[in-house]
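Working notes, beginning with the structure itself.
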Amino acid sequence: MSRDVISDETWAVLGPLFPGVKATGRPPVDRRTVVEASAWRFRTGAPWRDLPERFGNWNTICKNFDRWSKAGVWARVLEQVQAMAHRGGDVDWIASIDSTIVRVHQHGATLPRDTGARSNYEKFGDEPADHAIGRSRDGLTTKSHRVADGKGRVLAFILTGGQAADTTTGRHGADRWFLRVTDGRTRLREAVRSGVLFSRGGV
């Protein structure tokens, strides 16, 4: 089976977590097709326009993905899948944190901001937090902090400016981790606050 095809067994779990089909309006695109196409796109890093023809119209897939993203569908799916894994005892909560850094594209570094501030290369103040752009030794950069369970599977992530350290992010930004609530508890936030994620220094 191809890596971009979701097995029937997996879809039996994931399918019910996505929005149902409306009784009126245009015939909807198949939910499974949207998920498989989205998985293919992010696995390959290709533009939406380069989706294989077997997935149908690329624009339809893109619009569905974007609509679900804005409605929080993807986040809820992750939350519920993690909750299922937790209930089944499949999540190792001895978590670890690491990060990777990328340089901001030159076009992103010089665009005017909607906040009314001047462009980055002229501006001396801090970048707005929701831009996740900071200044490090490599210039304007963004850092992706990821938390993995004891089996090396990513549980949550957060984007910050490139100058933010993992320990600082964990210590002061626990409430910002995209952790999914399981059994009424925010398990990952508890781990961050209790120092589980760090081998020294505490949180």
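Only a single criterion out of (1) within 20 Å of Ser7 (Cα to Cα); (2) over 22 Å from the mean Cα position of the chain (by Cα) is not satisfied by Pro28, namely (1).
Check segment 52-61 and report whether any residue there is among the aromatic types (Phe, Trp, Tyr) and within 17 Å of the chain's Cα centre (by Cα). Within segment 52-61, none of the residues are among the aromatic types (Phe, Trp, Tyr) and within 17 Å of the chain's Cα centre (by Cα). Close contacts from segment 151-167, counting a first residue that is free of Cβ contacts under 8 Å to residues at least 40 places away in the same chain and a second that is acidic (Asp, Glu), with Cβ to Cβ under 7 Å and a gap of 6+ residues or different chains, come to Gly161/Glu127.
Checked against (1) at pLDDT 90 or above; (2) under 25 Å from Thr141 (Cα atoms); (3) not charged (D, E, K, R), Leu51 meets all criteria but (2).
Do we find a residue being part of a helix (DSSP H, G or I) and more than 22 Å from Val154 (Cβ to Cβ) anywhere in segment 85-107? Looking through segment 85-107, at least one residue is part of a helix (DSSP H, G or I) and more than 22 Å from Val154 (Cβ to Cβ).
When segment 45-97 is filtered for residues that are surrounded by 12 or more Cβ atoms within 10 Å (Cβ to Cβ) and acidic (Asp, Glu), the ones remaining, listed by number, are Glu79, Asp90, Asp92.
The values are calculated or read from the model by the stated rules, or taken from the named source; none is laboratory data. On a predicted model such as this, the values are computed, not experimentally measured, just so you know. Every residue, glycine as well, gets a Cβ built from its backbone with ideal geometry; the counts of neighbours run over all protein chains shown.
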